[in-house]
Structures are given as C-alpha cells and as structure tokens.
Amino acid sequence: MSTSFQNIKGTFDILPDAYSDGGTRIASSAEWHAVEETIRDVMHRHNLEEIRTPIFEPTELVARGVGQMTDIVSKEMFAFERSGTNYVLRPEITAPVMRSFLQHHLEQRGGVQKLFYIGPCFRAEQPQKGRYRQFHQFGVEVIGADDPRADAETIAIMMAIYRAFGVENTSLRINTLGMPDARAKFVNALRDYLEPYEDDLSETSRRRLAKNPLRILDTKLDYEQEILANAPALTDFVEADSREHYERVKTHLDDLSIEYEEDPLLVRGLDYYTRTAFELESPDLGAQSALAGGGRYDLLAEEIGSSQPVPSIGFAAGMERLFLAIEAAGNDLPEPAGADVFFASLGEDAERWVFRTVHRFRREGLHVAHDLKGRSLKSQMKEANRQDATYAIIIGGNELEAGAAQVKHMASGEQVEVPFDGIVDFVMDRK
Ligand code: AMP
C-alpha cells in the first residue's frame with residue numbers, strides 16, 4: 001500500500017513498533033509512554049505538579065522586544081496571522097507556563113509553585129540528527145522562589161531524571177549571568193572586543209553582533225571559540241549579590257554531591273535570564289550534544305505584564321535527545337506487556353461467542369486480543385504469537401458444548417481445562 005503524502009521534513013511519526021528514520025531510531029509509542037511515565041514518576045517524587053498549556057500562543061508572549069522578534073521569529077519560529085493577531089507554534093514552554101501562572105493567579109495556592117510539563121515544541125531549524133522542527137520537551141518551572149536552594153533543587157531534579165534512565169555520562173556546566181545591569185555592561189565590553197574581529201565571524205554571528213552579541217557565545221564553531229577565548233568574562237561584571245547567590249547554589253550542589261564545571265562563557269540566549277544558568281550535555285550525542293538547559297528568569301513575569309517580580313527558575317530538556325542518550329548508554333527501554341489472552345475461534349457460532357466474551361473480559365479488566373478478519377486457525381495462532389499473548393484459548397463447537405476451554409500458556413505450552421465462568425479468575429490469579 002502507498003500514499004503520495006509524507007510527514008513534513010523535521011517531524012516524525014511515533015508508531016507501535018520502533019523503526020529507523022534515516023539512521024536514527026524512533027522509539028515505539030509504548031517506549032515513549034514508558035519514558036514519559038518514568039519522567040512523571042521522578043517529577044512526582046520531587047513534589048512537582050503537571051501543567052499543560054496550548055501549543056500556540058500570541059507571538060508577543062514568546063518573542064518580546066524588537067531585537068529578539070526579528071532574529072527568533074524570522075528564523076526559528078512557525079508563525080502565522082489570523083484576523084489581525086499574530087500567533088506562533090510554541091518554540092519553548094517557559095513563557096507559556098509563566099503566562100498561565102499569572103493569568104490563573106496560581107500564587108494564590110500559596111507557597112512556591114513547582115510545575116512540570118511534557119509536550120511538543122516547534123522550531124523552524126534546519127533538520128539534522130537530534131534536531132527536529134517538531135520535537136518534545138519536558139521541563140520544570142519552580143515559580144516564586146529566589147532561594148538558592150530552588151536553583152540547586154531544579155538542577156537536582158534534572159539530574160535525577162537522567163539517572164532514572166541510567167544516563168550517567170553527562171557533563172553539567174553552570175554560570176551566573178548576574179542582573180541586567182551587569183549584563184548590559186558586559187554586552188558593551190563584548191561588542192567592543194569583537195568589533196575588530198567582525199570580518200572573521202560567521203554571517204550569523206555578524207548579525208548577532210549588532211542585535212544580541214550574547215548569543216555569539218553559544219557558537220559551536222572552533223574558529224569563533226578561539227576568538228572568544230580572550231574575550232571579557234561576564235563573571236567580572238556580575239554584582240556582589242548575584243555572586244553571593246551563585247556561591248550558595250554551588251554549596252547546595254556540593255551538599256547533594258552533584259558534580260559541575262563552571263563555564264564563564266555559558267550564557268542563555270534570551271534577555272530575561274538572570275543569575276543562575278546551566279546546561280547538561282552528553283559527550284555521546286555528537287553535534288547536537290545538549291540534553292537540557294535552564295536558568296533563573298526573575299524578570300520574565302514583569303516582562304509579560306506582572307506588576308510584581310516573580311523570581312523563578314527552571315529547565316527544559318529534549319525527549320528525542322533523552323532517547324539518543326539512553327541508546328548511547330546501552331540501556332534497554334521497558335518492554336510493553338502483550339495481551340493477557342488471545343481468543344481464536346472456529347466456526348460462526350464460536351466467532352459470535354468469542355466476540356461477546358472478549359468484550360465482557362475486557363470490562364473485567366483483562367487485556368484481550370482476537371481476530372477481526374475471520375482467518376484460519378493457523379493464522380489466528382500466528383497472530384497470538386506475534387502479539388506476545390500470555391494465554392491462548394481456542395473456541396470451537398466442542399468447547400461451546402462442554403462450557404469449558406483449554407487455556408494454553410504460550411511460553412511453556414502447558415494447557416489446563418477451565419470452565420468458561422472460571423477463565424477470568426484463572427488468568428487474573430496468574431497475572
Ligand atoms: P533550549 O531551550 O534551546 O535550551 O532547548 C532545551 C532542550 O531542548 C535542548 O537541550 C535540547 O535537548 C532540546 N532541543 C532544542 N531544540 C531542539 C530541536 N530542534 N530538536 C530536538 N531537540 C531540541
């Protein structure tokens with residue numbers, strides 16, 4: 001069978017079975033489910049609650065300030081207009097979560113709001129291994145806490161998730177960005193330093209030099225990193241308060257035995273980040289090595305209209321990169337369970353009895369499979385094997401007459417005769 005349509009480049013289908021998409025393994029839907037389950041479990045253990053926001057938002061929420069607008073909207077977002085309003089498919093989930101927090105007055109629930117999310121994000125980037133146009137993020141937002149313990153706890157949650165999957169070969173880099181004044185002074189110093197090298201920079205960096213020189217620090221190009229080696233360091237501009245905060249974050253990370261490396265060049269691209277910034281990488285992932293990143297965003301709430309500051313910290317992580325890291329670590333994903341019972345039928349009367357019974361057993365809580373095609377007994381038993389059913393039961397005229405069936409344990413081949421009204425209990429007891 002075939003179709004002239006294909007999924008859009010940079011997106012992928014998640015199917016019942018894992019498959020290879022241009023050399024990248026796309027996990028099965030059951031594996032996605034299992035991974036999401038583990039993430040939710042770790043989140044719950046850390047006392048986080050789930051939040052879900054729409055996948056599209058007004059453009060102004062996600063891209064604020066003209067400088068960011070042009071660079072990010074034009075290059076990285078899927079944007080559209082409808083009846084005079086500009087929308088974007090969300091490229092990240094932090095701003096939507098803060099919007100939702102403010103809109104629904106979640107602060108009235110009291111204390112610090114510790115939220116997590118899992119869902120799709122969209123970026124109009126050039127697709128390559130580990131980089132998609134529709135990808136999935138999970139992340140945490142700890143809203144309303146300026147205590148350095150919130151920073152260390154956010155990082156600890158992130159590390160706990162990778163540990164839960166046996167992904168240990170990672171490197172955590174941290175830095176402090178200080179408050180905007182310090183950063184503004186640093187940006188000027190950085191621009192002064194880079195201007196003489198303008199002709200040696202890539203086209204992207206030349207554009208950033210004028211609009212947002214901080215983003216040049218994210219460069220992965222060796223020759224640009226060489227130029228940056230002697231650039232002024234943000235750390236030298238950071239004010240005493242932020243430095244003190246940073247020292248306490250590090251002490252708490254030490255208390256939790258979380259290893260990190262300080263990286264004065266680590267700067268998150270967006271303006272609203274303040275103080276703590278961090279990134280988690282895996283050396284096993286090749287070019288797209290970033291697993292997760294995050295930081296403090298004490299100014300975001302006010303930027304989107306709050307009359308009061310809402311100090312907050314969070315991280316965002318890529319699901320696809322998590323799958324790659326699990327694979328690189330050689331760890332298996334949990335296998336999905338097959339059907340408890342597969343019913344095969346012989347003849348029309350048996351087919352009708354099986355059809356009714358299958359639905360009754362499902363109501364009782366069993367995972368039951370059967371054939372919907374009227375195939376031969378041999379084909380039906382093949383199907384029972386393919387579906388990895390624990391038990392198979394063949395129903396024909398004799399069974400209907402006797403009111404009992406042979407319940408066959410597929411793995412051992414053992415068969416036991418069980419009256420019809422005892423089958424559910426028989427299978428349940430052995431689950
Ligand atoms: P960022 O907000 O850019 O730091 O993204 C957070 C995380 O999302 C990154 O560390 C990656 O793991 C993941 N990520 C970002 N962009 C993509 C993409 N285009 N495709 C797949 N994963 C991505």
State all residues of region 132-161 that are under 20 Å from the mean Cα position of the chain (by Cα) and basic (Lys, Arg); if no residue qualifies, say none.
133
Can you go through 191, 149, 215, 206 and tell me which one is touching a helix residue (DSSP H, G or I) at 6+ places or on another chain (Cβ under 7 Å), within 14 Å of the ligand (Cβ to nearest atom) and assigned to a helix (DSSP H, G or I)?
215
Pairs, first within 16 Å of the ligand (Cβ to nearest atom) in region 110-122, second acidic (Asp, Glu), C-beta under 8 Å, six or more apart
116/49; 116/50; 116/141; 117/50; 117/141; 118/36; 118/50; 121/92
Which residue pairs have Cβ atoms under 7 Å apart, sit 6 or more places apart or on different chains, and have a first residue in region 316-340 that is among the basic types (Lys, Arg) and a second that is within 16 Å of the ligand (Cβ to nearest atom) and modelled with pLDDT of 95 or more?
321/291
Can you name the condition, by its number, that residue 116 falls short on among (1) more than 17 Å from the chain's Cα centre (by Cα); (2) not in a loop (DSSP other than H, G, I, E, B)?
(1)
Here, strands (runs of 3 or more DSSP E) confined to region 285-348 with at least 2 residues that are within 16 Å of the ligand (Cβ to nearest atom) and surrounded by 15 or more Cβ atoms within 10 Å (Cβ to Cβ) are 290-296, 312-318
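For (1) surrounded by fewer than 14 Cβ atoms within 10 Å (Cβ to Cβ); (2) within 24 Å of residue 289 (Cα to Cα); (3) at pLDDT 90 or above, each residue gets a yes or a no:
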site	(1), (2), (3)
212	no, yes, no
216	no, yes, no
227	no, yes, yes
238	no, no, yes
246	no, no, yes
253	no, yes, yes
263	no, yes, yes
Can you give me the number of residues within region 160-188 that are more than 25 Å from residue 283 (Cα to Cα) and in a helix (DSSP H, G or I)?
9
Which pairs do you get when a residue that is small (Gly, Ala, Ser), found in region 293-307, comes within reach of a residue that is more than 14 Å from the ligand (Cβ to nearest atom) and at pLDDT below 95, reach meaning Cβ atoms under 7 angstrom, with the pair 6+ apart or on two chains?
301/309
In the set 427, 354, 358, the lone residue that is touching a residue at least 60 places away in the same chain (Cβ under 8 Å), assigned to a helix (DSSP H, G or I) and of a type outside the set (D, E, K, R) is 427
Does any residue of region 222-230 turn out to be within 12 Å of the ligand (Cβ to nearest atom) and part of a helix (DSSP H, G or I)?
no
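The values are calculated or read from the model by the stated rules, or taken from the named source; none is laboratory data. Note that the coordinates shown come from a computational prediction; the quantities given were computed from them, not determined experimentally. Every residue, glycine among them, receives a Cβ derived from its backbone with ideal geometry; neighbour counts consider all protein chains shown.
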